[in-house]
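The values are calculated or read from the model by the stated rules, or taken from the named source; none is laboratory data. Everything numeric here is computed off the predicted structure, so don't read it as measured data. Here the Cβ positions follow ideal geometry from the backbone for every residue, glycine too, while neighbour counts run over all protein chains shown. Heads up: the accessible areas ignore ligands, DNA and RNA and are worked out on the full protein's heavy atoms, side chains in. Shrake-Rupley method; radii C 1.70, N 1.55, O 1.52, S 1.80 Å.
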Amino acid sequence: MSRGYNSWWFKLFHVCALLSVVNAEDFYKLLGVSRTATAKEIKKAYRQKSLEFHPDKNKEEGAAEKFAEINRAYEVLSDDEKRQIYDRHGEEGLKQHEQRGGGGGGFGGGSPFDDFFGFGQRQRRNQEQRTPSVDVPLELTLEQLYKGDTFEVSYVRQVLCLRWEMCMKPNQECQGPGVRVRKQQIAPGFVQQFQQYDERCVAPGKMWLNGCSECPSKTETEKIDLTIDVNKGMRPGEAITFEGVTDEKPGYKPGDLSFIITEKPHKDYHRDGDHLYKNMEIPLVDALTGFSITLKKLDGEEFTVNVDDIIECDEVLRVPGKGMPRRSGRGYGDLYIKFEVDFPDHLNSDQKAKLREVLGKGNSASTGS
């Protein structure tokens with residue numbers, strides 16, 4: 001009975017391993033690269049695929065889902081640690097790695113069945129502390145927010161040195177990063193327990209070994225390249241976030257890096273949500289007789305506004321569909337033009353007479369007679 005039970009577990013583990021290897025090919029196929037592709041080849045393939053399936057350019061059904069899958073594939077294959085785990089254990093193993101805070105490779109020090117069937121959560125519950133997240137202002141023009149934009153930035157961070165795990169020693173008093181719980185017997189049968197801060201504690205049961213030659217400073221400097229995608233219609237205050245890319249620290253998950261959009265003032269338009277607003281001065285003759293004006297959208301395309309009615313001072317004209325792109329991708333907001341009527345500074349007697357001839361004498365003339 002025991003031999004048959006052990007054989008069943010071995011077969012199950014073998015099947016899981018085979019499934020992981022099969023799944024490991026999927027991300028490479030999505031980007032159209034081989035399993036031995038270099039980081040440069042992966043990045044180049046990602047740029048091509050993301051442009052091909054970007055929802056703003058590809059309106060075919062399923063393009064948005066494909067675009068999301070391509071981004072996920074690049075996120076994994078561009079990260080050396082995630083790529084190694086994915087190659088060895090497939091997407092399921094990678095998910096388990098991410099759920100426990102990214103610490104260690106593969107299935108960690110426990111049984112692989114613990115990870116497959118959800119055990120071992122108690123051992124990992126204290127590993128969710130994070131290093132500080134970072135917010136960076138990203139100043140953009142109204143044109144960039146109208147058309148969308150993509151550009152590369154570099155970010156310098158601190159990452160764990162290659163062999164940092166060699167610098168940890170067991171210590172049961174460590175209950176988590178910076179947390180040490182000590183016990184002291186104060187009388188027969190009575191034990192006092194107290195908690196204190198100890199920076200050497202990096203994880204439950206793990207203490208940093210000071211002066212370790214494998215990793216003297218715990219971290220080292222790394223520069224990473226990030227691609228910022230500004231979608232059409234994004235608004236000031238919105239964040240473009242890269243999860244888990246700030247400084248690394250033993251026992252902590254990296255925080256998030258967020259680029260917070262700010263908007264540069266524009267000489268012609270100001271914005272409120274999806275709508276644009278513009279002030280325009282017109283001469284009195286145009287206000288009375290009508291006019292046509294040619295304006296430019298923020299992408300440079302020209303359009304004409306025809307006005308046939310009389311325009312009053314401070315009157316606002318709504319031009320449908322000439323505002324900012326809606327973030328949903330469904331149409332545009334409106335343009336609102338506020339007119340200021342420019343009255344002449346002086347009229348001669350002949351001009352006054354002609355105006356009275358056209359417009360009538362007015363109420364003031366009949367009242368004074």
#### Entry: Scope the range 225-257; condition in a strand (DSSP E or B) and open to solvent by 30 Å² or more (accessible area, probe 1.4 Å); matching residues
Asp225, Asp229, Ala239, Thr241, Phe242, Lys249, Tyr252, Lys253
### Task
Look through the range 280-333, keep the residues that are within 44 Å of the chain's Cα centre (by Cα) and among the hydroxyl-bearing types (Ser, Thr, Tyr), and return whichever of them is farthest from Pro55 (Cα to Cα).
Ser292
### Query
When you scan the range 201-224, how many residues do you find that are in a loop (DSSP other than H, G, I, E, B) and either touching a Lys or Arg at 6+ places or on another chain (Cβ under 7 Å) or not small (Gly, Ala, Ser) (or both)?
8
### Task
Please work out if Glu220 is under 30 Å from Leu162 (Cα atoms) and charged (D, E, K, R).
yes
### Members of the range 281-340 found to be touching a helix residue (DSSP H, G or I) at 6+ places or on another chain (Cβ under 8 Å), without any contact (Cβ under 8 Å) to a residue 60 or more places away in the chain and acidic (Asp, Glu), listed by number
Glu312
### Message
Residues that are surrounded by 12 or more Cβ atoms within 10 Å (Cβ to Cβ) and closer than 21 Å to Asn231 by Cα: does the range 306-319 have at least one?
### Response
no
### Search result, residues across the range 259-305 that are hydrophobic (A, V, I, L, M, F, W, C), in a helix (DSSP H, G or I) and surrounded by fewer than 16 Cβ atoms within 10 Å (Cβ to Cβ)
Leu284, Val285, Leu288
### Task
Quickly run through the range 43-78 and pick out the residues that are touching a Pro at 6+ places or on another chain (Cβ under 7 Å) and surrounded by 17 or more Cβ atoms within 10 Å (Cβ to Cβ).
Phe67
### Message
Cβ contacts < 6 Å: first residue in contact (Cβ under 8 Å) with a residue 40 or more places away in the chain, restricted to the range 66-77; second residue in a helix (DSSP H, G or I) and among the small types (Gly, Ala, Ser), any location; separation 6+ or different chain. Result?
### Response
Ile70/Ser50
### Query
Of the numbered conditions (1) more than 30 Å from Lys59 (Cβ to Cβ); (2) among the β-branched types (Val, Ile, Thr); (3) touching a helix residue (DSSP H, G or I) at 6+ places or on another chain (Cβ under 9 Å), Ile261 satisfies every one except a single condition; which is it?
(1)
### Message
Pull out all pairs, ordered by first then second residue, where Cβ-Cβ is under 6 Å, the residues are six or more apart or on different chains, the first lies in the range 163-177 and is under 18 Å from Pro216 (Cα atoms) and assigned to a strand (DSSP E or B), and the second is aliphatic (A, V, I, L, M) and open to solvent by 50 Å² or more (accessible area, probe 1.4 Å).
### Response
Lys169/Leu209
